[in-house]
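Below: the structure, in structure tokens.
The values are calculated or read from the model by the stated rules, or taken from the named source; none is laboratory data. Keep in mind the model is a prediction, meaning the values are calculated, not measured. Cβ: placed from backbone, ideal geometry, glycine included. Neighbour counts: every protein chain shown. Surface areas here come from the heavy atoms of the whole protein model, side chains and all, with no ligands, DNA or RNA. Shrake-Rupley method; radii C 1.70, N 1.55, O 1.52, S 1.80 Å.
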Amino acid sequence: MLKDLNENVCEAKVFEHVYNTYSKDIHNFLYYKYGEQFNPKDRVQDAFIKLWDNCEKVTISKAKSFLFTVASNMVLNDIKHNKVVLNHQKIAPKSHTNETPEFILEQEQFFQNYKKVLESLKDEHRVAFLLNKAEGKSHAEIAEFLGVTKKVVEYRIYSAFAILKKELQGFKIK
């Protein structure tokens, strides 16, 4: 049936012959080596799919070696993945923080003061400031959006910064 061992396995009859010859052996190899939990039937099918995808590169004489290697590597990759999952599950999420209650209270008070000062800004200053800092828009984008020049936007953002720095102690923002 097989004419030349250096012929590739892209022809349907050749591929079918390779499948019929090696599928049971690969399944048994995977089953005895790694057990049922890694789905040896699925790995055999995946190996043959990989063979079909690479049929032009794999000759008949190399098909058996290719299939066993691919199937074994798939199972080994599954084992590696399971180890990573297990290691990740071992890491317990933190049930505490290093922040003191005083720090949390100060943070909340600062945020409340920040909101008050932000609300007290003129509308045009607040809008320009929030578009730039909260939404990350550039000065040119804000200018186009508001229908003003870029210099006006820069002035409004600078003015908002000045007021925030004056009203809030320790205010720092980039």
TODO: Would you mind computing, in nm to one decimal, how far apart the modelled labels at Glu99 and Phe111 are, each placed 7 Å from Cα along Cα→Cβ?
DONE: 0.7
Open item on the list: Students often forget the sequence filter, so: which aspartates and glutamates lie under 15 Å Cα-Cα from Lys115 once same-chain residues fewer than 8 apart are removed?
Closed with: Glu106, Asp123, Glu167
- [ ] Over the range 1-153, average the accessible area per residue using a 1.4 Å probe and give it in Å², no decimals.
- [x] 73
Open item on the list: If you roll a 1.4 angstrom probe over the protein chains with everything in place, what fraction of the accessible area of the chain belongs to carbon and sulfur, to the nearest %?
Closed with: 53
- [ ] In whole Hz, with x marking every Gly and Pro, tabulate ³J(HN,Hα) for the range 120-137 from phi via Karplus 6.51 cos²θ - 1.76 cosθ + 1.60, θ = phi - 60°.
- [x] 7, 5, 4, 4, 5, 5, 5, 5, 4, 4, 5, 4, 6, 8, 7, 9, x, 7
- [ ] Please list, or write none, the lysines whose alpha carbon is within less than 23 Å of the alpha carbon of Lys122, excluding same-chain residues fewer than 8 places away.
- [x] Lys133, Lys137, Lys150, Lys151, Lys165, Lys166, Lys172, Lys174
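Shape of the range 57-149 from its Cα gyration tensor (a ≥ b ≥ c, root eigenvalues): rounded if a/c is under 1.5, otherwise prolate when a/b > b/c, or oblate?
Oblate is the answer for the range 57-149, as a/c is 1.5 or above yet b/c matches or exceeds a/b.
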TODO: Would you please classify the overall shape of the chain from the alpha carbon gyration tensor, given that a ≥ b ≥ c denote the square roots of the eigenvalues, rounded means a/c under 1.5, and beyond that prolate means a/b larger than b/c while oblate covers the rest?
DONE: oblate
Open item on the list: Along the Cα→Cβ direction, 7 angstrom out, place labels at Glu11 and Ile79. What is the inter-label distance in nm?
Closed with: 3.8
Open item on the list: If you average the alpha carbon positions of the range 117-173 and of the range 8-87, how far apart do those two centres end up, in angstrom?
Closed with: 61
